[in-house]
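**Q** Structure in structure tokens, see below.
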Amino acid sequence: MGRQLSAATFVAALTLSGSAFAAAKLGFVDLHRALDELEEGKAAKARLQATLEAKQKEIDSEQEALRKEKEEIDRQAGAMSEETRLQRQNDLQRKVVDLAQKWERAKTEMNNKEQAELQAIFSKLDPIIQSIAERDGLTMVFEKNVFAFAASQLDYTNEVMRMYRAQHPQKAGDKSPVVDKGDATQKSTTPKAPKRASNK
């Protein structure tokens, strides 16, 4: 999860006059890391993963039912009239199309849920970043991923997370679900597409 800084904004910073750029005081925040380490970010990832797994399980179950139906049609094809066989194959194909459409809707829903989860956190992060910039007289604060290299002393990520936790403490007893940090940033929030059933 993360946001991309506008390329135009970054180019504008680089095209400042020499004196203006030299006078500029810059900083950066690793929002990807902040989302991974903040309790609300972990909880959001866990919620998204739970929703994804539930939807994937439902899609996989329906796909398996269609696979079995196709096998049954193939086994019984010799004993069916041409009209019956074509009718059942057409019904199966309609179900396959319906499942593909269901997957598309699930994918869109997951994308919307992810954006909603992100926005809820960013709406709290943004004023914190702005307050730090004003406090420390920063001309600009960038996301880390726009730099090929940035000196560690320009990194305000820890300060942003410290202030976030201070301003938005977790409620007592509200523990975030455990997320495997090893692959929390690698898991997709999009359900896998169902495989197409082919007619012999």
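**Q** Taking segment 110-150, which residues are within 23 Å of the chain's Cα centre (by Cα) and free of Cβ contacts under 8 Å to residues at least 12 places away in the same chain?
**A** 112, 115, 116, 119, 123, 126, 127
**Q** Does residue 28 satisfy being surrounded by 12 or more Cβ atoms within 10 Å (Cβ to Cβ) and outside any helix (DSSP H, G or I)?
**A** Yes.
**Q** Kindly provide the set of residues from segment 80-92 that are assigned to a helix (DSSP H, G or I) and either loosely packed, with under 13 Cβ neighbours inside 10 Å or touching a residue at least 60 places away in the same chain (Cβ under 8 Å) (or both), ordered by number.
**A** Answer for segment 80-92, where residues must be assigned to a helix (DSSP H, G or I) and either loosely packed, with under 13 Cβ neighbours inside 10 Å or touching a residue at least 60 places away in the same chain (Cβ under 8 Å) (or both): 82, 83, 86, 87, 89, 90, 91, 92.
Listed here are the residues, each with its yes/no results for (1) more than 16 Å from residue 45 (Cβ to Cβ); (2) in a loop (DSSP other than H, G, I, E, B); (3) modelled with pLDDT of 85 or more.
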position: 121; (1), (2), (3): no, no, yes
position: 132; (1), (2), (3): yes, no, yes
position: 138; (1), (2), (3): yes, yes, yes
position: 149; (1), (2), (3): yes, yes, yes
position: 159; (1), (2), (3): yes, no, yes
position: 165; (1), (2), (3): yes, no, yes
position: 189; (1), (2), (3): no, yes, no
position: 192; (1), (2), (3): yes, yes, no
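**Q** State whether the residues of segment 49-69 include one that is exposed (fewer than 15 other Cβ atoms within 10 Å of the Cβ), out of contact with any helix residue (DSSP H, G or I) (no Cβ under 8 Å at 6 or more places or on another chain) and closer than 22 Å to residue 32 by Cα.
**A** yes
**Q** Surrounded by 12 or more Cβ atoms within 10 Å (Cβ to Cβ) and over 27 Å from residue 145 (Cβ atoms): does that describe residue 96?
**A** Against the criterion (surrounded by 12 or more Cβ atoms within 10 Å (Cβ to Cβ) and over 27 Å from residue 145 (Cβ atoms)), residue 96 qualifies.
**Q** Out of 51, 84, I need the residue that is among the β-branched types (Val, Ile, Thr) and under 19 Å from the mean Cα position of the chain (by Cα). Which one?
**A** 51 is the lone residue from the list that is among the β-branched types (Val, Ile, Thr) and under 19 Å from the mean Cα position of the chain (by Cα).
**Q** Keeping to segment 118-139, report how many residues are crowded, with 16+ Cβ neighbours inside 10 Å, over 25 Å from residue 24 (Cα atoms) and touching an Asp or Glu at 6+ places or on another chain (Cβ under 9 Å).
**A** Counting residues in segment 118-139 that are crowded, with 16+ Cβ neighbours inside 10 Å, over 25 Å from residue 24 (Cα atoms) and touching an Asp or Glu at 6+ places or on another chain (Cβ under 9 Å) gives 1.
**Q** Any idea which of (1) assigned to a helix (DSSP H, G or I); (2) buried (at least 16 other Cβ atoms within 10 Å of the Cβ); (3) among the hydrophobic types (A, V, I, L, M, F, W, C); (4) more than 28 Å from the chain's Cα centre (by Cα) is the one residue 77 doesn't satisfy?
**A** Condition (2) is where residue 77 drops out.
A quick yes/no check of all residues on (1) in a loop (DSSP other than H, G, I, E, B); (2) modelled with pLDDT of 90 or more; (3) in contact with an Asp or Glu (Cβ under 7 Å, 6 or more places away or on another chain):
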residue	(1), (2), (3)
5	yes, no, yes
9	no, no, no
16	yes, no, no
35	no, yes, no
41	no, yes, no
53	no, yes, no
57	no, yes, no
62	no, yes, no
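**Q** Within the set of pairs 6+ apart or on separate chains, which have a first residue in segment 61-79 that is closer than 20 Å to residue 103 by Cα, a second that is assigned to a helix (DSSP H, G or I), and C-beta atoms under 7 Å apart?
**A** Cβ pairs passing all conditions: 62/99; 63/99; 66/92; 66/95; 66/96; 66/99; 69/92; 70/92.
The values are calculated or read from the model by the stated rules, or taken from the named source; none is laboratory data. Remember, predicted model here, so these are calculated numbers, not experimental data. Using ideal geometry, Cβ is built from the backbone for each residue, glycine included, and neighbour counts are taken over all protein chains shown.
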